[in-house]
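In what follows, a single structure is set out as C-alpha cells and then discussed.
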Amino acid sequence: MKKSELFFSAIQIPLDAVAIFGAALTAFWLRDLELVREILELKSLATRVPFGEFLKIILLSLPFFILVFATQGLYDIRVTRKFWRESLKVFSATTIVLMLVVVAFFLKREWFSSRFIILLAWFLVTFYVILIRFLLQSVQKWLLKNKKIGVHRTLLIGRNGKIDALKKIIGKNPKLGYEVIDVIENARITVVKEIRENKGIDEIILSDATIPEDDIEKLIDFCAINNITYRFIPTTLQTAHFEMGVFAGEPIIEIKHTPLDGWSRIIKRTFDIAGSIFFIVLTSPILLATAILIKIEDGDGPIIYKNKRVGADGKEIKVFKLRYFQWKYCIDKKNPNFEEALAFEKKLIQECSVRRGPLYKIKNDPRKTKIGTFIEKYSIDEFPQFFNVFLGDMSLVGPRPHQKREVEKYREYHRRLLTIKPGITGMAQVSGRSDLDFENEYKLDLYYIENWSLRLDIQIIFKTMAILSKRRNNNS
C-alpha cells in the first residue's frame, strides 16, 4: 500500500462529510428562496422543519452516508479506479441513504412537509461528492504522471507470452499506475531480494505454472514479510467457480461453468427485455434517419441486413444490422451478385485481414458506402440488434456472435463461447484495446461467462456508452 494512496483514501472521508453537509445546507437554503417556492408551489415557511431539527437530521445521517459509501467500495485506495464507475457507486450509495430517509418519513409523518429538501439534498449530495472526487482524482493523476507519486514498482515473473503481453500493456498505459522494474524467469528469493535492494518492489506479478511450488511458497512469505503485494495470473481451472457438496457420503467439488443458471438466467432475461425496449425507443429516431440515408445512397438492397450467425448452443440466428456495404458486395443469396461478392470477400480476407485466428478484420474495407463508414464507426449499424434481444436470440451483454465459417475454425475449447446467448456488447468490446486477437478476446469473454452478475452487465453497458461518447467527442 502506497502512503500517497492511503492519504488520499483517508482524506476522502472528511471531504465526503463536508460535501454531504454542504449539499444539505444548500438544499435548505434553496427551499427558503421565494422564487423556488413560487415555481414549485411549496408550502409556507411556517410549515417547514426548523433549522435546528434539520441540522440534527443531517448530523445523524452523516455516519450512515459514510457507512454506505464504505460498503459500496468508495474508499478504494487505488488512484487508477475508473471515474465513471465511482460516479455510479456514488449515485447508488446516495439512493440507498435516500431510501432509508423515506422509511423514516413513514415512521415520523411530521417530516413529510420537508420532502422537497430531502429530494434536492439527494441530488446535490450526488453532485457535490462526484465533483470533489473528480478534483481529488485529478490531483492524484497529476502527481502520478508528473511526480511519479503513487506509481507501483512492479516485478514480473515468468517466461511466457502472458508476461510479455502484460509488460507491453503496462508500458503503453502509464495511467494504470504501474512501472515494470524488471522481468525474471524464475522465482528464486535471492534474485528477488537483490532486485528489491537495488530498485525497490511494491508489487510482484507471477505467471508461470512451471515454477516449483516451494519457490512460490517462499515468494509469498517474502511478500508478506516485506509488505509487497503478490498477484498471479491464473490458469483457466483456477478462475473457475467451485461448489462443495456431498455425493454418496463422499465430499465432492463441482465446477460451475457459469452463474447463468436458474434464477440468474431469469433475471438476465428480464433485464434484457426491459433494456431492449428502452433502447429501441431511445434509438428509433436515429434508426429512421439512418434508414432514409441508406436508401438515398444505395437503394438497390434492403435497409436491414439479416446476417446469419451462430448463437447459443450452436443454433443459427439472424442478426439484424443496418446495411453499411454496397448491396452488390453483401453476402446474401438474394443478392444477384452473391457468388462474386463471396469470392471478393475471400480475396479481401487473404490479402487485407489484419487479424489472426478464426476471425478476420479488414481495415478500410472498400465495400462500405459513405453512410456505412459513419454508422459502423459509431456502432449505429448494430442498433437493430435490440430487436434481436427483445425476441430472445441475443442478450444485451455477451460474446459477440460469429459466422458459421468462423465457428468452424474454432478449437474445441473455444466452443464455450456458444454456451450462452451472444451479446450486442461484451467484455472484449470494452477492454480498452482495439487490437485484441481472437485468443485474448476469448479469454475476456470466458471471464464474463464464468463471473456473470447483473452488476457486471450494467457496468459493461455504461462503459460501452462511455466509449461511444468518447468516439463522438474525439471527432466533433
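Computed quantities for the displayed model
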{"quantity": "Any chance I266 is at pLDDT 85 or above, among the hydrophobic types (A, V, I, L, M, F, W, C) and under 30 Å from H414 (Cα atoms)", "calculated": "yes"}
{"quantity": "Test: residue in region 227-245 that is more than 27 Å from G150 (Cα to Cα) and at pLDDT 80 or above", "calculated": "no"}
{"quantity": "Any hit, region 457-473, residues being assigned to a loop (DSSP other than H, G, I, E, B) and modelled with pLDDT under 95", "calculated": "no"}
{"quantity": "Residues located in region 34-64, provided they are modelled with pLDDT of 50 or more and touching an Asp or Glu at 6+ places or on another chain (Cβ under 7 Å)", "calculated": "none"}
{"quantity": "From R159, R153, residue being modelled with pLDDT of 90 or more and more than 30 Å from G22 (Cα to Cα)", "calculated": "R153"}
{"quantity": "Search result, residues across region 294-318 that are in contact with a helix residue (DSSP H, G or I) (Cβ under 6 Å, 6 or more places away or on another chain) and either aromatic (F, W, Y) or within 15 Å of R405 (Cβ to Cβ) (or both)", "calculated": "V310, G314"}
{"quantity": "Only listed residue being surrounded by fewer than 17 Cβ atoms within 10 Å (Cβ to Cβ) and modelled with pLDDT of 85 or more, chosen from L100, L119, L135", "calculated": "L135"}
{"quantity": "Evaluation of E376 against (1) modelled with pLDDT of 90 or more; (2) closer than 30 Å to L454 by Cβ; (3) among the acidic types (D, E) (one fails), failing number", "calculated": "(1)"}
{"quantity": "Scan of region 386-421 for residues that are in contact with a Ser or Thr (Cβ under 7 Å, 6 or more places away or on another chain) and part of a loop (DSSP other than H, G, I, E, B), ordered by number", "calculated": "I420, K421"}
{"quantity": "Flag if N198 is farther than 30 Å from G52 by Cβ, modelled with pLDDT of 85 or more, among the polar types (S, T, N, Q) and surrounded by fewer than 17 Cβ atoms within 10 Å (Cβ to Cβ)", "calculated": "yes"}
{"quantity": "Tally, over region 422-440, of residues that are part of a helix (DSSP H, G or I) and not acidic (D, E)", "calculated": "2"}
{"quantity": "Members of region 141-168 found to be under 26 Å from K3 (Cβ atoms), out of contact with any Phe, Trp or Tyr (no Cβ under 6 Å at 6 or more places or on another chain) and not charged (D, E, K, R), listed by number", "calculated": "W142, L143, L144, N146, I149, G150, V151, L155, L156, I157, L166"}
{"quantity": "Index of the failed condition, L348 passing every other in (1) surrounded by fewer than 18 Cβ atoms within 10 Å (Cβ to Cβ); (2) more than 26 Å from the chain's Cα centre (by Cα); (3) at pLDDT 90 or above", "calculated": "(3)"}
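Yes or no, residue by residue, for (1) closer than 20 Å to Y378 by Cα; (2) part of a loop (DSSP other than H, G, I, E, B); (3) acidic (D, E); (4) not assigned by TED's automatic domain parsing to the domain that holds L418:
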{"site": "S284", "(1), (2), (3), (4)": "yes, no, no, no"}
{"site": "G299", "(1), (2), (3), (4)": "no, yes, no, no"}
{"site": "R309", "(1), (2), (3), (4)": "no, no, no, no"}
{"site": "K328", "(1), (2), (3), (4)": "no, no, no, no"}
{"site": "E339", "(1), (2), (3), (4)": "no, no, yes, no"}
{"site": "K346", "(1), (2), (3), (4)": "no, no, no, no"}
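The values are calculated or read from the model by the stated rules, or taken from the named source; none is laboratory data. None of the values given here were measured: they were computed from a predicted structure. Every residue, glycine among them, receives a Cβ derived from its backbone with ideal geometry; neighbour counts consider all protein chains shown.
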